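The values are calculated or read from the model by the stated rules, or taken from the named source; none is laboratory data. Here the structure is a predicted model, which is why all the values come from computation and not from measurement. Positions of Cβ are backbone-derived with ideal geometry, glycine not excepted, and every protein chain shown enters the neighbour counts.
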Amino acid sequence: MKYKAPRGTRDILPEDSWKWRRVETAFRETADGFGYREIRVPIFEETDLFARGIGDSTDIVRKEMYTFEDRKGRSLTLRPEGTAGVVRSFIEHSMGRGGRLTKVHYFGPMFRYERPQAGRYRQFWQWGLEAIGSTNPAVDAEIIHFSISLHDRLGLTGAEARINSAGCPTCTPAYNELLRKELAPKLDGFCSDCRVRYERNPRRMFDCKNETCLAILASAPSILSSLCEECASHFEQVKALLGGAKLKFTIDESMARGLDYYTKTIFEVHHPGLGAQSALCGGGRYDELVEELGGDATPACGVSGGVDRLIIVLEEQGLFDEEEPGPDVYVATVGDEAEALGAALVARLRGDRSVETDYRGRSLKAQMKEAGKLRARVCVIVGEDELARGVAVVRDMETRGQDDVPLDDVPAAVGRLLERAEG
Ligand code: HAM
């Protein structure tokens, strides 16, 4: 029997995992710069949290959750997204005490039972931010700014922000009625899923992936003309703030987002390199969710992005064309006595450097070849001759220059070479 990774999941192998680390580091540094502290929440939660939070009429809750019963018969679900769990934690730990703004970031796997294709998986990684506790449109602008800054930091060009509004409980009932009225005569042209959406929540029809449905929806009325005064003014302020910060964006009136919790600003950042699955990240304001999940009424705004997709685009754009960084040092030895001494040297150097060595008793030539293949920056060689003289050869692998260095001085000599190489 041959086991394979389950459909829609993938192994991130050592030759690729450095790319993931680079993205994760860029994300954490950007999040630190914007003042978002890290939160780690469970990978599974009570099913009801997601059903209530994301919404019963969404595709995620209706068709895509990995739900199971534990041994005591409790219904649990692998998190399909991060926001509901973060809000649950915010309420559980009274993080909003004293009316402060809570800004958190997270990075980890999410699970959705979707049809796998390029850029769409059943286990995928998201980076995410949530700012809970302010109605200020400057928070929306900050989160959009963050989304663009992260891609800039990674060197990605061509990403574009699209924004829209989801309205609020004051203005959406009238919009839903208007949508129903306009779409009623065309209902026969929609797929069976959309006809269910029409009854439950007509705005969810915009989530459909069927071309025919989308073509009919192209002429549907825009939510922007139905916004209440408060939502319209909020939208104007977000646009003005983005413009003031010289951030480029377009208005996308057909964007609906696939989760029910949004109010006011919604946005996505797309990249043309991704084809059909072109959203690198998406988010928006969710002013009702904290109360909906049992907390005090607290406005909030957030975003999450797909790391798998981001890496696909970065690869396509040649941003990983340089190779995986090699070890700082390779320690090569010849003979048993030198090997023992080499082991002690490796242990000493590993305190603050990455160090590789040979454990297979290979010839010096084979070890030097390996050091070159790994792209070690410095090589330390201890052979029988060096041992007799109490020295090691310290070689700069780039310039090929080398010196005999007394054994005790090797760490300092290696440090000097690496510092010079690091500039
Ligand atoms: P979302 O749009 O469902 O929003 O997902 C955010 C991002 O996750 C997408 O733009 C996409 O890059 C990535 N993604 C989603 N599904 C998949 C998949 N099956 N395979 C690969 N990547 C995927 C949310 O999850 C919200 N929690 C965002 C948010 C945070 N809103 C407020 N705060």
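Take THR47 and decide whether it is β-branched (Val, Ile, Thr) and more than 18 Å from the chain's Cα centre (by Cα).
Values: β-branched (Val, Ile, Thr): yes; more than 18 Å from the chain's Cα centre (by Cα): yes.
So THR47 fits the description; yes.
Within the range 264-320, how many residues turn out to be basic (Lys, Arg), under 20 Å from GLN117 (Cα atoms) and in contact with a Phe, Trp or Tyr (Cβ under 7 Å, 6 or more places away or on another chain)? Walk me through it before giving the result.
If we filter the range 264-320 for residues that are basic (Lys, Arg), which is where we start, we get 264, 285, 309.
Those still in the list that are under 20 Å from GLN117 (Cα atoms) too: 309.
With the extra rule that they be in contact with a Phe, Trp or Tyr (Cβ under 7 Å, 6 or more places away or on another chain), the set shrinks to none.
The total comes to 0.
Name the residue that is farthest from the ligand (Cβ to nearest atom), counting only residues in the range 272-328 that are over 18 Å from the mean Cα position of the chain (by Cα) and β-branched (Val, Ile, Thr).
Once the filter is applied, the top-ranked residue is THR298.
Do we find a residue being under 23 Å from ASP56 (Cβ atoms) and among the aliphatic types (A, V, I, L, M) anywhere in the range 198-210?
Yes.
Can you report the number of residues in the range 51-98 which are closer than 26 Å to ALA297 by Cα, acidic (Asp, Glu) and touching a strand residue (DSSP E or B) at 6+ places or on another chain (Cβ under 9 Å)?
Adding up the residues that qualify gives 1.
Of all residues in the range 116-157, which are assigned to a helix (DSSP H, G or I), more than 13 Å from the ligand (Cβ to nearest atom) and of a type in the set (Gly, Ala, Ser)?
Once the filter is applied, which keeps residues that are assigned to a helix (DSSP H, G or I), more than 13 Å from the ligand (Cβ to nearest atom) and of a type in the set (Gly, Ala, Ser), the range 116-157 yields ALA138, ALA141, SER149.
Residue pairs, Cβ under 7 Å, 6 or more apart or interchain, first in the range 80-97 and assigned by TED's automatic domain parsing to the domain that holds GLY55, second basic (Lys, Arg) and within 10 Å of the ligand (Cβ to nearest atom). List them.
PRO80/ARG112; GLY85/ARG79
For the range 389-404: of the residues being under 19 Å from PRO327 (Cβ atoms) and of a type in the set (A, V, I, L, M), which is surrounded by the most Cβ atoms within 10 Å (Cβ to Cβ)?
ALA392
Quick one: is ARG40 surrounded by fewer than 16 Cβ atoms within 10 Å (Cβ to Cβ), farther than 16 Å from PHE124 by Cα and out of contact with any Asp or Glu (no Cβ under 7 Å at 6 or more places or on another chain)?
Working: surrounded by fewer than 16 Cβ atoms within 10 Å (Cβ to Cβ): yes; farther than 16 Å from PHE124 by Cα: yes; out of contact with any Asp or Glu (no Cβ under 7 Å at 6 or more places or on another chain): yes.
Yes; evaluated as a whole, the condition is true for this residue.
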